[in-house]
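Inspection log for the structure reproduced underneath, given as structure tokens.
The values are calculated or read from the model by the stated rules, or taken from the named source; none is laboratory data. Nothing here was measured: the structure is a model prediction, and the numbers come from that model. Because the Cβ atoms are built from the backbone with ideal geometry, glycine has one as well, and the counts that use them run over all protein chains shown. With ligands, DNA and RNA removed, areas are computed over all heavy atoms of the protein, side chains included. Shrake-Rupley method; radii C 1.70, N 1.55, O 1.52, S 1.80 Å.
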Amino acid sequence: EEMYDFAAIQAKWQPIWEDLKPFSTSDPEDSRPRKYVLDMFPYPSGDLHMGHAEVYALGDIVARYWRHQGFNVLHPIGWDSFGLPAENAAIKRGIDPRGWTYDNIAQQKRSMRLYATSFDWDRELHTSDPEYYQWTQWLFLQLHKKGLAYRKDSWVNWDPIDQTVLANEQVLGDGTSERSGAVVVKKKLTQWYFKITDYADRLLDDLNQLEGSWPAKVLNMQRNWIGRSIGADVEFVIEGREERVTVFTTRPDTLFGATFMVVAPDSDLAADLVAGSSPEVQASFQEYLVQVQRSTEMERQATDRPKTGVFLGRYAVNPVNGERLPIWTADYVLADYGTGAVMAVPAHDQRDLDFARAFDLPVRVVVDTNAAVTGMIPVITPEMLDGTEELPELDPASTGIALPGEGRLINSGPLNGMSKTTAIKRIIEQLAADGTGRAAKNYRLRDWLISRQRYWGTPIPIIHGADGAEIPVPEEQLPVLLPASDGLDLKPKGTSPLGGAADWVNVANPIDGTPALRDADTMDTFVDSSWYFLRFLNPTDPTRAFDPKEAEKWAPVDQYVGGVEHAILHLLYARFITKFLFDEGYVSFTEPFTALLNQGMVILDGAKMSKSRGNLVYFTEEVERHGVDAVRLTMAFAGPPEDDIDWSDVSPVGSSKFLARAWRVARDVTSAPDVEWKSGDAALRRVTHRFLADAPGLVESFKFNVVVARLMELVNTTRKVIDTGPGPADAAVREAAEVTAMALNLFAPYAAEDMWQHLGYEPCIALVLWRKADPTLLVEEAVTAVVQVDGKMRTLLEVSPKISGEDLEKMAREAVPVIRSIGEREVVRVIVRVPKLVSIVTRS
Ligand code: ANZ
């Protein structure tokens with residue numbers, strides 16, 4: 001008897017598929033409805049790992065499923081192939097990052113093809129190809145044209161080991177670099193930014209459209225990242241200074257409770273204010289500033305840290321009551337949030353209260369909070385409860401606990417007696433009327449810093465004139481090619497390695513021909529991946545980034561699949577660029593990814609599996625040992641796709657056994673393809689058609705593991721019919737085997753194709769339409785339940801074999817013969833054995 005041999009089956013079908021190209025989307029006449037299924041593209045950091053094996057298995061289920069449902073499915077793949085790992089490997093080994101990258105791509109591609117991912121390989125792209133990055137540069141120029149790409153001097157997070165700028169999100173909670181582990185420091189540099197903050201409201205509000213089709217967790221992460229605060233800007237006159245200082249507050253209702261002002265030490269404002277102070281103040285300010293610059297943003301925001309600061313010797317005037325407020329500087333106020341200055345209301349803000357108590361500044365309560373409602377009662381001791389000690393007052397100055405809750409305004413002149421909401425409204429009206437303030441919003445979101453002082457990235461298409469002018473490279477001169485790396489010092493030193501490419505950097509000013517310099521920075525690789533889903537529509541078009549007509553046909557992406565590690569930045573940037581392209585008229589939609597599936601991680605004994613931790617289980621080894629199909633099936637069967645998979649808890653061996661069983665069933669079928677289905681075993685046909693009816697809903701709600709379980713049940717039932725029932729010639733056996741092959745194509749395409757051939761069909765099973773369930777076979781069989789009253793059979797009920805105990809008892813009690821038989825007697829006990837028996841015991 002022939003054995004299921006996964007290696008032989010793989011070797012047989014892979015070349016046939018490559019030849020037949022069942023996943024091609026190149027036919028413009030194709031009239032099927034369309035779906036765009038996209039898996040996050042990989043970074044080519046060596047061979048594929050088990051995390052890839054998971055995401056590409058899951059994405060492929062979705063893509064293959066929609067093809068079975070009659071859709072023309074675009075399922076492309078490419079490589080996010082610029083980036084630091086290539087450069088670091090190149091430095092370490094003295095090789096070319098380009099060579100390293102493309103070798104890895106070749107390796108990953110071989111693995112992906114073997115892995116039977118249903119990609120349209122004709123659309124493959126690499127972000128590091130000039131044919132691609134030319135259009136990343138084009139995108140930069142469009143943003144630049146609209147004032148959305150700009151340069152500014154700013155404090156940046158600096159990784160002293162990798163010698164590069166880091167985005168905030170690359171700095172971990174403990175202030176170290178996500179990449180190198182170095183303690184991140186602050187450094188002032190002139191950097192390119194994209195003005196994503198112009199889109200903050202839309203990026204936030206449009207998340208509502210994605211409710212239900214994106215994971216709630218991701219929506220929340222995006223919301224928090226954007227972090228919109230609503231409040232007011234309030235202007236304070238500064239004694240001895242012409243310009244007023246504006247503060248942002250979410251609590252303008254507490255303006256009468258402001259007792260001092262605090263400005264960020266590293267803000268221009270602090271430097272300006274201190275310039276007008278005494279030399280002693282200036283000296284202590286300078287000393288403080290040095291100390292502050294050694295700490296990270298995380299540390300500065302930590303609430304458990306003792307408050308530090310310096311009085312600047314200056315005073316602000318409260319616009320509502322004319323009070324003089326001393327101006328302090330303290331590191332808990334951040335330079336780049338709001339205006340970098342706050343009105344301190346210590347009674348109602350904990351940070352301000354901690355500061356006021358540390359420096360003995362006044363505290364004035366202006367909101368009478370109801371302690372019971374706000375839960376702000378300080379710790380109550382047993383002595384307080386038995387009356388031997390007094391209950392504490394709600395006096396923040398003595399308790400040290402601020403009162404941020406709601407209440408009635410007091411000590412606030414015209415606001416007295418008002419609620420918070422009314423007071424906020426009233427005070428904003430008054431400030432606006434006086435010209436000293438207005439309603440305002442603030443965001444946690446900052447502009448997107450895109451400059452990188454590294455070699456292996458997309459060159460920024462800007463030329464700097466001798467006069468300091470920033471001249472965009474004319475579009476017809478794109479791409480600005482990345483020069484060869486040989487001869488360049490790639491070692492990080494804080495300036496871009498491209499600066500060392502003299503022939504490349506020195507150019508003629510495109511306007512007047514005078515000597516000029518190319519911008520030597522490269523772009524953050526998140527720029528490359530912010531628009532790649534559009535390039536798949538025309539990956540080889542030399543004339544434009546993408547064809548808007550193709551975008552109209554295919555985009556937005558119907559289903560995006562990838563890791564939750566991209567829940568914030570990549571998705572936010574792609575959403576931003578999509579909205580920008582919408583504004584510019586290039587696309588007609590405002591969200592790039594209609595639905596999102598985040599897969600969990602693959603772990604081994606609880607440890608995350610990724611390149612950085614040294615792959616604990618190797619993709620190639622597992623595929624060699626168990627076969628592609630068994631690995632893919634294991635990924636699907638392990639549990640809900642969002643959950644982590646511990647590879648030591650799952651059984652690729654079990655998957656392999658199941659595949660052999662399914663394959664064997666197809667081998668055993670002896671009837672011909674034109675057999676009359678209706679003649680088949682009815683019970684098996686019911687199981688088959690129940691599966692056909694249920695599987696689509698299960699796949700569409702990502703319950704892949706349930707589909708696999710149901711498929712196992714179908715195979716077992718079929719096996720029983722072959723061995724102990726009507727036998728292998730029964731039409732229902734063929735039907736079940738065909739449905740099994742088709743459904744198995746979602747998870748185990750090699751076995752499925754091979755089964756399909758044994759069943760007498762030509763390849764490719766991937767293009768076979770999903771069989772329609774026959775409704776007459778979905779009606780469940782009825783069973784007969786006996787109802788007894790005091791041991792005597794009173795009636796028979798026809799019920800579903802799956803009826804619940806409650807329903808069965810209810811039906812029994814409502815049956816007329818039963819009601820008659822019970823009469824006036826009392827029911828003392830009911831015994832229910834679903835689905836066959838209800839026994840009622842009575843007492844008169
Ligand atoms: C007075 C006040 C009274 C405040 C009160 C709060 C409570 P979110 O919600 O995060 O937007 N703030 C403003 N700019 C700041 C900065 N650059 N660094 C540190 N803190 C800053 O917080 C806004 C509140 O944080 C603002 O409202 C301000 O303090 C403070 F009972 O103003 B509030």
Using protein chains only and a probe of 1.4 angstrom, how many square angstrom of Trp155 are accessible, to the nearest 10? 100 Å²
For Asp644 and Ala7 in the same chain, what is the full-extension length gain: residue separation times 0.36 nm, less their Cα-Cα distance, in nm? 226.5 nm
Run the numbers for Lys802 and Ala432: contour at 0.36 nm per residue of separation, minus the present Cα-Cα distance, in nm. 126.3 nm
Additional length obtainable on full extension of the chain from Lys493 to Ile401, 0.36 nm per residue less Cα span: 28.3 nm
How large is the accessible surface of Arg202 in square angstrom, using a 1.4 angstrom probe and rounding to the nearest 10? 80 Å²
Distance in nm between Gln301 and Ala484 label points, each 7 Å along Cα→Cβ, equals 4.7 nm
Please give me the summed charge of the neighbours of Ala302: other residues whose Cβ is under 13 Å from its Cβ, Lys and Arg +1, Asp and Glu -1. -2
Quick check for you: with a 1.4 Å probe and neighbouring chains kept, what is the accessible area per residue of the stretch 492-542, in Å²? 38 Å²
Those GluC sites (Glu not before Pro) in the stretch 622-709 that DSSP places in a loop and that have at most 11 other beta carbons within 10 Å: Glu676
Go ahead and collect, in residue order, the members of the stretch 565-597 whose backbone nitrogen is under 12 Å from a label point 7 Å along the Cα-Cβ direction of Asp541. 586-587
Whole-number D in µm² s⁻¹ for the stretch 112-213, Kirkwood Cα-pair radius fed into Stokes-Einstein, 20 °C, 1.002 mPa s: 122 µm²/s
Binning at 5 angstrom from zero up to the longest distance, how are the C-alpha pair distances of the stretch 434-480 distributed in percent? 5, 13, 13, 15, 15, 8, 8, 9, 8, 5, 2
All lysines inside 16 Å of Lys146 as judged from Cα atoms, apart from same-chain residues fewer than 8 positions distant: Lys195, Lys579
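Could you do me a favour and compute the accessible area per residue for the stretch 733-813, 1.4 Å probe, result in Å²?
44 Å²
So, with +1 on the Cβ of K and R and -1 on the Cβ of D and E, and no other charges, what is the size of the charge dipole of the chain about its Cα centre, to the nearest 20 debye?
1620 debye
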Over the Cα atoms of the chain, how large are the radius of gyration and the largest Cα-Cα distance (Dmax), in Å? 34.6, 113
On each of the three principal axes the extent of the alpha-carbon atoms of the stretch 10-92, given in whole Å and largest first, is 51, 29, 23
Carbon and sulfur together cover what percent of the accessible area of the stretch 628-691 at a 1.4 Å probe radius? 50 percent
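Hey, could you grab the Kirkwood Rh for the stretch 57-167? Inverse mean 1/r over distinct alpha carbon pairs, Å, one decimal. Don't skip to the end; give the middle numbers.
Values: mean 1/r = 0.0572 Å⁻¹.
Across the stretch 57-167, the inverse of the average 1/r is 17.5 Å.
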Work out the charge dipole of the stretch 118-163 with +1 on the Cβ of Lys and Arg and -1 on the Cβ of Asp and Glu about the Cα centre, then indicate which of Trp135, Tyr150, Phe119 is farthest towards its positive end. Tyr150
At a 1.4 Å probe radius, carbon and sulfur cover how many percent of the accessible area of the stretch 789-837? 51 percent
Mind pulling the per residue volume of the convex hull built on the Cα atoms of the stretch 517-640? Å³ is fine. 192 Å³
Under the 7 Å Cα-to-Cβ spin-label approximation, Trp121 and Val290 lie apart by a distance in nanometres of 6.3 nm
List the aspartates and glutamates whose Cα lies under 18 Å from the Cα of Lys836, skipping any in the same chain that are fewer than 8 positions away. Glu780, Glu781, Asp790, Glu798, Glu806, Asp807, Glu809, Glu814
How much of Val653 can a 1.4 Å solvent probe reach, expressed as accessible area in Å² and rounded to 10? 80 Å²
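Longer than 31 Å from Cα to Cα, which of Lys703/Lys802; Lys187/Lys441; Lys21/Lys92; Lys186/Lys441 are they? Say none if no pair is.
In this structure, Lys21/Lys92 lie more than 31 Å apart at Cα.
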What are the extents of the Cα atoms of the stretch 222-328 along their three principal axes, in Å, largest first? 45, 38, 23
Could you report the stretch 130-192's accessible area per residue, 1.4 Å probe, as an integer in Å²? 41 Å²
Distance-filtered residues of the stretch 816-844 - backbone nitrogen under 17 Å, label point 7 angstrom along Asp790 Cα→Cβ: 817-831, 839-844
Under 17 Å between alpha carbons, and skipping anything fewer than 8 positions from Lys188 in its own chain: which lysines qualify? Lys152, Lys493
Label-to-label distance, nm, for residues given as Asp583 and Lys187 (7 Å Cα→Cβ offset): 3.1 nm
With runs of 4+ DSSP H residues as the only contributors, calculate the mean residue ellipticity of the chain at 222 nm using -39,500 (n - 2.57) per run, divided by the residue total and rounded to the nearest 500. -11000 deg cm²/dmol
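With every protein chain kept in the model, how would you rank Lys579, Lys491 by accessible area, 1.4 Å probe, largest at the top?
Sorted by accessible area, descending: Lys491, Lys579.
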Going from most exposed to least, what order do Phe23, Phe194 have by accessible area with a 1.4 Å probe? Phe23, Phe194
Sequence of Glu299, Glu552 when ordered by accessible area, the most exposed leading, probe 1.4 angstrom: Glu552, Glu299
Given R₀ = 35 Å, what would the calculated FRET efficiency be for Asn168 paired with Glu713, taking r from the Cβ atoms and rounding to 0.05? 0.10
